[in-house]
Amino acid sequence: MKALCWNGTNDLRVERVPDPVLVNPHDVIVKVALSSVCGSDLHLIDGYVPTMRPGDIIGHEFLGEIVEKGPEVRYLNRGDRVITVSIIGCGHCGHCRHGESSLCDNSNPNPDYARTAYGHCGAGIFGYSHAFGGYAGSHAEYIRVPYADFNAFRVPEGISDEKAVFVSDAVPTGYMAADMAGIRPGDVVAVWGCGGVGQMAIRSAYLLGAERVIAIDRFPDRLRAAQMKAGAETLDYSRVDIFDALQAMTGGRGPDVCIDAVGMEADSASNAVEDLYDRAKQAVGLQTDRPAVLRQMIESCRKGGTLSIVGVYGGLIDRFPMGAAMNKGLTFRMGQQNGQRYAERLFEHIRNGDLDPSYLMTHRLPLDDGPQAYRMFKEKADDCLRVVFAPQS
Ligand SMILES: [Zn+2]
Ligand SMILES: [Zn+2]
């Protein structure tokens, strides 16, 4: 089959690879109809995620049809149209049973890297390096889905492929960012990053009772989408001082909740000494993650407020304002998404019109265009929010 493979930093190639096969009786094989790019893929492409190997298939947000199923798969059938949550759970361990499937004890068959780096090992992720299980990704004609009854969800009638595909990753990640922040009616929520996850975090914050959502980015098309499609007020960090603007908009208190939908490659308009220092240290490998957004959130958040982090971090950061966080009594919530817990609820929101993620799909292209499409996505050219591949075309 055809697949989009990682071959090194900034080196993606469309290759012929063997078709996936059932490995475990709980697996299904999905014929991929749509497969979306995600901002977290850029960390792979930019070489910030270790344990990638040449030939690895990337992609983790997808929709398709089940074409084969293992003998132990009970709830799904051949011909079902499904989305699959990008983070893989086993469905049986304590974490999966308590709605924390991204912390699954069993779905990562290569636990040693995470144990060494993090102390414990979390779940496997499709197309996201050998440290996260070495699972083949979805930018391919077919994909193997393990523990299928737990990870794949039949798409309800009446919801289009273009809306449903994002219930794999962007929608639950944004929703979880808002959910774990414990938003209360009347809250002011600030969201850093207006990519797919940020857009969904804005909508979700409103669904959970926020009175105002303020979205922060520097790309005009993303800010426009945040305003027009998601209903946020917007701030362009290349034009205004974010701390000053947020204080002015909240009577000097600061937002109740600050959401990070950016992660480890955070950009900053400033040439402040700590931002230059981050870039230099990351470039020579002494620091893996740039914490410009985290610092800004800690400074801007109201006293006693909550920081909710779903942008992906991989390793170490430096010059972290722990004193401010502690003395302001901030709460930190964070994690990879637990989409299995939210999928049905999100389909319900989509079906009754509260949520329409289809505008995230600004480009729909064949898999052959993969390398150029990622370049466009990375450069945020042509107002690209997300490219979705149609591998069967
Ligand atoms: Zn993702
Ligand atoms: Zn589990």
Among the residues of segment 224-280, the number that are of a type in the set (Val, Ile, Thr) and at pLDDT below 95 is 2
Hey, among 80, 41, 19, which residue is crowded, with 17+ Cβ neighbours inside 10 Å, within 22 Å of residue 147 (Cβ to Cβ) and away from ligand 2 (no atom under 16 Å from the Cβ)? 80
For the condition over 27 Å from residue 364 (Cα atoms), more than 16 Å from ligand 1 (Cβ to nearest atom), outside the structural domain of residue 283 (by TED's automatic domain parsing) and of a type outside the set (D, E, K, R), what is the one hit in 55, 91? 91
Residue satisfying all of: in segment 308-343; within 22 Å of residue 120 (Cβ to Cβ), away from ligand 1 (no atom under 16 Å from the Cβ) and in contact with a Phe, Trp or Tyr (Cβ under 9 Å, 6 or more places away or on another chain); modelled with the highest pLDDT among these: 308
Collect the residues in segment 26-63 that are in contact (Cβ under 8 Å) with a residue 60 or more places away in the chain, over 15 Å from residue 3 (Cα atoms) and among the small types (Gly, Ala, Ser), keeping them in residue-number order. 39, 40
For segment 95-126, give me each residue that is outside any loop (DSSP other than H, G, I, E, B) and within 13 Å of ligand 2 (Cβ to nearest atom). 95, 96, 97, 101, 102, 103, 111, 124
Looking at 316, 286, 307, 294, can you tell me which residue is part of a loop (DSSP other than H, G, I, E, B) and within 24 Å of the chain's Cα centre (by Cα)? 316
Just name the residue that is modelled with the lowest pLDDT out of those in segment 98-141 that are touching a Phe, Trp or Tyr at 6+ places or on another chain (Cβ under 6 Å) and of a type in the set (A, V, I, L, M). 131
Note on residue 223: of the conditions (1) among the aliphatic types (A, V, I, L, M); (2) assigned to a helix (DSSP H, G or I); (3) within 30 Å of residue 56 (Cα to Cα), unmet is (3)
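Let's see how each residue does on (1) assigned to a helix (DSSP H, G or I); (2) out of contact with any His (no Cβ under 9 Å at 6 or more places or on another chain); (3) buried (at least 21 other Cβ atoms within 10 Å of the Cβ):
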site	(1), (2), (3)
336	no, yes, yes
344	yes, yes, no
354	no, yes, no
358	yes, yes, no
363	no, yes, no
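The values are calculated or read from the model by the stated rules, or taken from the named source; none is laboratory data. Nothing here was measured: the structure is a model prediction, and the numbers come from that model. Every residue, glycine as well, gets a Cβ built from its backbone with ideal geometry; the counts of neighbours run over all protein chains shown.
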